[in-house]
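J.: Structure incoming, see below.
The values are calculated or read from the model by the stated rules, or taken from the named source; none is laboratory data. Remember, it's a predicted structure, so these values are computed and weren't measured experimentally. Don't worry about glycine lacking a Cβ; one is built from the backbone with ideal geometry, like all the others, and counts go over all protein chains shown. Surface accessibility is based on the protein's heavy atoms, side chains included, excluding ligands, DNA and RNA. Shrake-Rupley method; radii C 1.70, N 1.55, O 1.52, S 1.80 Å.
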Amino acid sequence: MKNEDRVTLFADVILPLAVPNLYTYRVPYEWNDLVKPGQRVVVQFGKNKLYMALVKRLHQTPPEKYQAKYLQDILDVTPIVNDIQLNFWDWIASYYLCTPGEVMNAALPAGLRFSSETRIVRNKEFVLEEIEQDFFTEKEWKLVIALEAKQEMSVEEAATVLEVKNVQPIVQALLSKNFAVIKEEVKESYKPRIEAFVKIALGLSEADLQKAMDTLEKKAVKQLDVLMAYMHLSHWHTGKPIEVKKSKLLLQANSTSSVVDQLVKKGILESYSKEVSRLPLSDKPIEQANALADFQQEAFDKIENLFKEKDVVLLHGVTSSGKTEIYMQLIEQVIQQGKQVLYLLPEIALTSQLVQRLKKRWGNKVGVYHSKYSDNERVEVWNTLVQPKDREYDVIVGTRSSLYLPFTKLGLIIVDEEHDSSYKQQDPAPRYHARDSAIYLAHIHNAKVVLGSATPSLESYYNAETGKYGLIELLVRYGGMEMPEIEVRNVAEEKRKKLMKSLFSPYLLKNIEEALEKKEQVILFQNRRGFAPFIECNVCSHVPMCINCDVSLTYHKQADLLRCHYCGYSTSLPKACPACGSPGIHVKGFGTERVEEELQIFFPQAKIARMDLDSTRAKQSHSKIISRFEDQEINILVGTQMVTKGLDFDNVSIVGVLNADSGMHFPDFRSEEKSYQLMAQVSGRAGRKNKRGKVIIQTNNPEHPIIQQVVKNDYMAMYKEQMEERKDFHYPPFTRLIEITLSQKNNDDLDAVSPDLAIELKKRFGDERVLGPEYPIVSKVNNYFLKTILLKVEKEKYSQKVKALVMEALNEFYHKSKEHARTRIKIDVDPQ
């Protein structure tokens with residue numbers, strides 16, 4: 001093709017930055033047939049910074065306001081993101097008022113996001129011999145010598161050479177003296193796992209092999225041992241040998257690599273390397289589906305019928321009603337149609353039990369995707385969905401981030417425990433809700449959604465009640481099990497009578513003791529981690545506060561530190577009050593760490609474990625604790641919200657809620673709903689296998705409506721009462737909320753500018769729909785002062801126009817002054 005006949009192509013790309021627009025780059029002619037939407041490319045942005053970007057679309061229109069730069073490199077042979085994903089990303093950016101780059105950063109696993117590394121390069125035009133002796137300082141000379149030897153190095157390597165943290169001034173000096181130049185290099189973080197394998201050398205006949213074995217028996221017994229081990233591991237005798245890893249062979253033969261090398265040298269074995277998966281493979285036999293009970297079958301049939309008219313069905317089933325088995329029947333049906341299933345869970349802690357159940361049915365067709373997987377493992381799950389090689393996933397089990405995976409034939413999304421607030425992403429943007437986003441994702445795939453919960457969110461139940469979703473009620477437990485007996489203990493009264501034993505009522509201790517004697521298990525729920533929420537001086541009442549945030553420091557006894565749960569700041573426990581010098585410092589309140597410690601005093605023979613954010617930071621820690629509890633190696637499990645969610649244990653007879661009041665009086669319109677859900681969910685962990693469990697709730701206010709609704713297991717009473725309040729005060733589901741948080745390092749500046757944004761919003765929405773600006777409960781985080789504005793818009797008036805007006809108000813605000821432009825603004829659509 002002649003040059004004049006060639007088409008000039010331009011690529012609009014998504015940059016991994018919080019910029020509102022796409023940027024357009026020129027495609028070199030020779031790449032016209034290679035570049036496709038969904039591929040990663042390298043682009044230059046700014047003077048010399050290189051970024052990994054993603055091609056969104058190709059066209060022939062040059063940008064009007066700037067000269068398009070050329071693409072620097074193409075990183076993928078085939079697209080790693082499909083058109084459906086790009087459509088989904090657009091919706092996330094539009095609905096949650098964030099940028100395409102922020103969505104891409106959330107969507108792509110870290111291993112697929114290349115990073116740009118600054119490298120210091122020796123300038124070849126600089127003649128070292130011609131300079132004066134004192135041209136370089138001592139430290140500069142040290143770096144000069146290193147660059148002479150290596151010719152180029154990273155900034156990190158330069159810091160190591162100079163043994164300093166801040167290497168920038170010295171590098172800058174070498175740049176200004178023209179000894180060095182800077183270049184940017186794009187670095188891939190994903191590294192495929194390569195392993196060595198061995199096999200019988202090509203062309204070696206049976207006779208040759210026997211002859212070699214006879215020789216080895218006389219002269220090299222260790223080599224013969226390795227060869228025999230290979231034949232055993234490869235099933236050589238079957239005539240269809242399987243691949244053998246070199247590492248496995250060395251282990252089996254108790255040998256060394258040099259022995260294998262000798263066999264390779266003699267032409268008996270061949271060694272080769274290949275890419276292998278990091279993802280575990282199961283070799284357990286597949287089990288058949290369990291038959292559904294009559295009430296489960298009825299629910300399953302109703303879901304099928306509702307799917308003819310509705311895209312979303314809410315399955316409201318009490319705890320232990322067998323919702324999972326219904327899900328599994330639905331999954332089987334979708335797989336039979338050749339489609340994929342996404343099974344969403346709110347917490348990583350729930351995945352291990354569920355994955356075991358699913359793998360019994362579908363083996364290696366089940367994939368897992370969540371943040372406890374390494375970056376490389378997540379890339380491999382992603383790549384398997386893009387281009388299946390050794391395996392193909394029919395079912396993906398994951399937390400909210402698995403919504404972004406490259407599905408091509410999604411048929412069903414199950415959102416289990418749909419009420420859970422963990423489905424909402426808080427920081428950074430996009431602050432999306434996985435349940436609501438799953439419904440849109442299913443819509444663009446033409447798939448169906450099942451929302452499941454024993455305590456549905458008021459929004460979902462309202463949507464079902466008003467006919468937007470289908471509704472199925474499962475109000476009996478599987479196998480005729482009874483709902484647990486719920487007892488309430490008045491802690492205020494027992495304290496007054498001086499009957500309380502530390503954190504526990506005598507009744508709770510008595511029931512724990514009886515359960516342990518019967519070899520039964522106990523779960524205790526306390527929704528605060530750490531040892532104590534704060535410490536206080538007995539003399540002057542001083543409470544140590546975080547130096548960066550407007551919160552008290554939580555005491556963690558195991559680490560013997562005071563910690564901030566907002567910014568991570570920590571300090572040692574003071575021996576005396578920092579304010580008055582008094583040694584009388586005492587802990588106030590209690591968290592899971594203190595519960596665990598005090599239980600051990602009352603029950604020294606019991607095996608007690610704790611499950612909270614502090615005890616589950618390691619990769620497999622969730623599943624290890626759950627496995628130990630399932631195997632009854634743990635007698636009492638103490639935990640935060642993690643122990644309330646969807647876990648099934650056969651031997652739990654007692655569940656204790658230690659402080660039922662902690663969440664009910666929080667200044668949040670959802671606080672009572674969330675308290676009901678937490679207590680009802682943790683209550684559902686009690687009683688299995690035809691044995692009625694018992695739940696003991698410790699509270700200062702036993703007559704509180706929420707406590708009484710939990711005792712009676714009366715979801716509908718809670719729903720009706722909360723809905724009346726929400727309607728009266730214009731809260732969801734009758735309105736939609738947008739929370740706007742402004743932050744500045746200077747509190748006076750924040751006070752000065754924040755009313756201006758409220759004024760701009762009121763111009764567009766009216767005074768009654770804009771609340772604030774007000775200080776939130778925690779008004780300073782990480783040295784930034786905060787103020788919030790809440791926008792309430794009637795549901796029937798909520799549209800894309802609302803978001804356009806919000807962005808218009810923000811642009812107007814930013815252009816008022818430099819002080820306005822310096823203000824950080826965080827937008828949270830549908831805050832939880």
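J.: Which residue is nearest to GLN832 (Cα to Cα), if the candidates are limited to region 650-676 and must be polar (S, T, N, Q), at pLDDT 85 or above and out of contact with any Asp or Glu (no Cβ under 8 Å at 6 or more places or on another chain)? I'd like the intermediate steps shown before the answer.
T.: Pass one, region 650-676, residues polar (S, T, N, Q): 651, 653, 659, 662, 671, 675.
Next, only the ones that are at pLDDT 85 or above stay: 653, 659, 671, 675.
From what is left, the residues that are out of contact with any Asp or Glu (no Cβ under 8 Å at 6 or more places or on another chain) are 659, 671, 675.
Numbers: ASN659: 22, SER671: 10, SER675: 14 Å.
So, considering only residues that are polar (S, T, N, Q), at pLDDT 85 or above and out of contact with any Asp or Glu (no Cβ under 8 Å at 6 or more places or on another chain), the one nearest to GLN832 (Cα to Cα) is SER671.
J.: Picking from LYS266, LYS274, LYS284, which residue would you name as being open to solvent by less than 80 Å² (accessible area, probe 1.4 Å) and either in contact (Cβ under 8 Å) with a residue 40 or more places away in the chain or of a type in the set (A, V, I, L, M, F, W, C) (or both)?
T.: On the way: LYS266 fails: open to solvent by less than 80 Å² (accessible area, probe 1.4 Å); LYS284 fails: open to solvent by less than 80 Å² (accessible area, probe 1.4 Å).
Unique residue meeting the criteria: LYS274.
J.: Here's another thing I want to ask about it. Among the residues of region 817-829, what is the count of those that are out of contact with any helix residue (DSSP H, G or I) (no Cβ under 9 Å at 6 or more places or on another chain) and open to solvent by less than 20 Å² (accessible area, probe 1.4 Å)? Write out each step before concluding.
T.: Here is the first cut: in region 817-829, the ones out of contact with any helix residue (DSSP H, G or I) (no Cβ under 9 Å at 6 or more places or on another chain) are 818, 824, 826, 828.
Those still in the list that are open to solvent by less than 20 Å² (accessible area, probe 1.4 Å) too: 828.
Residues meeting the conditions: 1.
J.: Examine region 388-406 for a residue that is polar (S, T, N, Q) and more than 15 Å from the chain's Cα centre (by Cα), and state whether such a residue exists.
T.: Taking region 388-406 first, the residues polar (S, T, N, Q) are 399, 401-402.
Now narrow it down to the ones that are more than 15 Å from the chain's Cα centre (by Cα): none.
The answer is no; no qualifying residue exists.
J.: Which members of region 438-447 meet the condition of being surrounded by fewer than 23 Cβ atoms within 10 Å (Cβ to Cβ) and either touching a residue at least 60 places away in the same chain (Cβ under 8 Å) or of a type in the set (Ser, Thr, Tyr) (or both)? Give the steps one after another, and end with the answer.
T.: Start the filter on region 438-447 by keeping residues that are surrounded by fewer than 23 Cβ atoms within 10 Å (Cβ to Cβ), which leaves 439-440, 442-447.
Matches in region 438-447: ILE439, TYR440, ALA442, HIS443, ILE444, HIS445, ALA447.
J.: Kindly list, by first and then second residue, each pair from a residue in region 18-43 that is part of a loop (DSSP other than H, G, I, E, B) to a residue that is among the aromatic types (Phe, Trp, Tyr), limited to pairs with Cβ atoms under 7 Å and residues at least 6 apart or on different chains.
T.: VAL27/PHE10; PRO28/TYR70
J.: Which one is nearest to LEU757 (Cα to Cα) among residues in region 785-816 that are surrounded by fewer than 13 Cβ atoms within 10 Å (Cβ to Cβ) and of a type in the set (S, T, N, Q)?
T.: Residue satisfying both the conditions and the ranking: ASN811.
J.: Any chance region 161-170 includes a residue that's at pLDDT 85 or above, within 25 Å of LEU50 (Cα to Cα) and either open to solvent by 60 Å² or more (accessible area, probe 1.4 Å) or touching a helix residue (DSSP H, G or I) at 6+ places or on another chain (Cβ under 9 Å) (or both)?
T.: Yes - at least one qualifying residue is present in region 161-170.
J.: Could you figure out which of (1) open to solvent by 30 Å² or more (accessible area, probe 1.4 Å); (2) in a loop (DSSP other than H, G, I, E, B); (3) over 27 Å from TYR343 (Cβ atoms); (4) of a type outside the set (A, V, I, L, M, F, W, C) isn't true of ASN713?
T.: The number of the failed condition is (3).
J.: Also, quick follow-up: Tell me, please, whether a residue that is under 29 Å from PRO388 (Cα atoms) and either exposed (fewer than 13 other Cβ atoms within 10 Å of the Cβ) or touching a Cys at 6+ places or on another chain (Cβ under 6 Å) (or both) can be found in region 69-81.
T.: yes
J.: Now a separate question. Take the residues in region 194-228 that are part of a strand (DSSP E or B) and either farther than 17 Å from LYS246 by Cβ or of a type outside the set (Asp, Glu) (or both); name whichever of them is modelled with the lowest pLDDT. Even if it seems obvious, please write down each step before you answer.
T.: Filtering region 194-228 down to residues part of a strand (DSSP E or B) leaves 194-200.
Subsequent filtering for residues that are either farther than 17 Å from LYS246 by Cβ or of a type outside the set (Asp, Glu) (or both) retains 194, 196-200.
Details: ILE194: 81, ALA196: 86, PHE197: 87, VAL198: 87, LYS199: 88, ILE200: 86.
Per the stated criteria, the residue is ILE194.
J.: Looking at LEU358 and the list (1) within 24 Å of ASP311 (Cβ to Cβ); (2) open to solvent by less than 10 Å² (accessible area, probe 1.4 Å); (3) at pLDDT 90 or above, which single condition is not satisfied?
T.: Against the list (1) within 24 Å of ASP311 (Cβ to Cβ); (2) open to solvent by less than 10 Å² (accessible area, probe 1.4 Å); (3) at pLDDT 90 or above, LEU358 comes up short only on (3).
J.: Among (1) modelled with pLDDT of 80 or more; (2) open to solvent by less than 80 Å² (accessible area, probe 1.4 Å); (3) within 18 Å of GLU332 (Cα to Cα); (4) part of a loop (DSSP other than H, G, I, E, B), where does ALA289 come up short?
T.: Failed condition: (1).
J.: Out of GLU309, GLU332, GLU298, I need the residue that is open to solvent by 20 Å² or more (accessible area, probe 1.4 Å) and assigned to a loop (DSSP other than H, G, I, E, B). Which one?
T.: On the way: GLU332 fails: assigned to a loop (DSSP other than H, G, I, E, B); GLU298 fails: assigned to a loop (DSSP other than H, G, I, E, B).
Going through GLU309, GLU332, GLU298 in turn, the sole match is GLU309.
J.: Can you name the condition, by its number, that LYS689 falls short on among (1) part of a helix (DSSP H, G or I); (2) open to solvent by 40 Å² or more (accessible area, probe 1.4 Å); (3) modelled with pLDDT under 90?
T.: Condition (1) is where LYS689 drops out.
J.: Another one. Considering only residues that are assigned to a helix (DSSP H, G or I) and open to solvent by 30 Å² or more (accessible area, probe 1.4 Å), which ones fall in region 583-597?
T.: ARG594, GLU596, GLU597 - these are the residues of region 583-597 that are assigned to a helix (DSSP H, G or I) and open to solvent by 30 Å² or more (accessible area, probe 1.4 Å).
J.: Output the residue which, of all residues in region 362-372 that are touching a strand residue (DSSP E or B) at 6+ places or on another chain (Cβ under 9 Å) and either in a helix (DSSP H, G or I) or among the aromatic types (Phe, Trp, Tyr) (or both), is surrounded by the most Cβ atoms within 10 Å (Cβ to Cβ).
T.: First, pick out the residues of region 362-372 that are touching a strand residue (DSSP E or B) at 6+ places or on another chain (Cβ under 9 Å): 362, 365-370.
Still in the list and also either in a helix (DSSP H, G or I) or among the aromatic types (Phe, Trp, Tyr) (or both): 362, 365, 369.
Details: TRP362: 19, LYS365: 18, TYR369: 23.
So the residue we want is TYR369.
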